[in-house]
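> My questions will all concern the structure given below.
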Amino acid sequence: APGFPPWRWRAESVPGVAAPAFSLPDAAGRSVSLAEFKGRTVVLEWVNPGCPFVQKHYETGNMQQLQGRAHDRGVVWLSISSTHPGHGDYLPPARLATRIGTDWKGTAAAILMDDDGTVGRRYGARTTPQMVVIDGGGTVVFAGGIADRRSACPLYISSAADAPPWLDPGGRRI
């Protein structure tokens, strides 16, 4: 990004390395730490409700389907907003929780607020929806986009719903 030193955009989380520790407030103001979920697989989903790609995955029910599949397998799903409060897409915590949880019927274990973008930068989150999967040992096993096709068109949802791009080391989808 122009004006930022290059080191600010180098992700500390790439597949095969330990996931950076973090603690963020959830939409209700409670502090949530990655360490709370030690021993469990965790999905981090970067979300911006103003993003047409996020809208596509929530408005078609794809994201909720993936969240349900993850929950059924004991996976913890954390949605993270790294949208700066000065940005036009920013929603305050209560409105963000309503949009994701009530309007879109999302089922994340928590909606986390990363208003200054520190955690997003550590994880290399530069787009939404961006996904990071951390195994029970605390190692990043996937970092990237939710789908293999860059399109906000709902017609191109099946590849993400049928075969999400993240696989665990044993080849089993979450």
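The values are calculated or read from the model by the stated rules, or taken from the named source; none is laboratory data. Owing to the predicted nature of the structure, the values given are computational and were not obtained by experimental measurement. As a convention, Cβ positions derive from the backbone with ideal geometry for all residues, glycine included, and neighbour counts pool all protein chains shown. These accessible areas exclude ligands, DNA and RNA; they are computed on the full protein's heavy atoms, side chains included. Shrake-Rupley method; radii C 1.70, N 1.55, O 1.52, S 1.80 Å.
> Restricting attention to the range 109-122, does a residue exist that is small (Gly, Ala, Ser), more than 13 Å from the chain's Cα centre (by Cα) and open to solvent by 20 Å² or more (accessible area, probe 1.4 Å)?
Taking every residue of the range 109-122 in turn, none turns out to be small (Gly, Ala, Ser), more than 13 Å from the chain's Cα centre (by Cα) and open to solvent by 20 Å² or more (accessible area, probe 1.4 Å).
> Looking at the range 41-51, is at least one residue among the aliphatic types (A, V, I, L, M), out of contact with any strand residue (DSSP E or B) (no Cβ under 7 Å at 6 or more places or on another chain) and touching a residue at least 60 places away in the same chain (Cβ under 8 Å)?
So far as the range 41-51 goes, no, none of its residues is among the aliphatic types (A, V, I, L, M), out of contact with any strand residue (DSSP E or B) (no Cβ under 7 Å at 6 or more places or on another chain) and touching a residue at least 60 places away in the same chain (Cβ under 8 Å).
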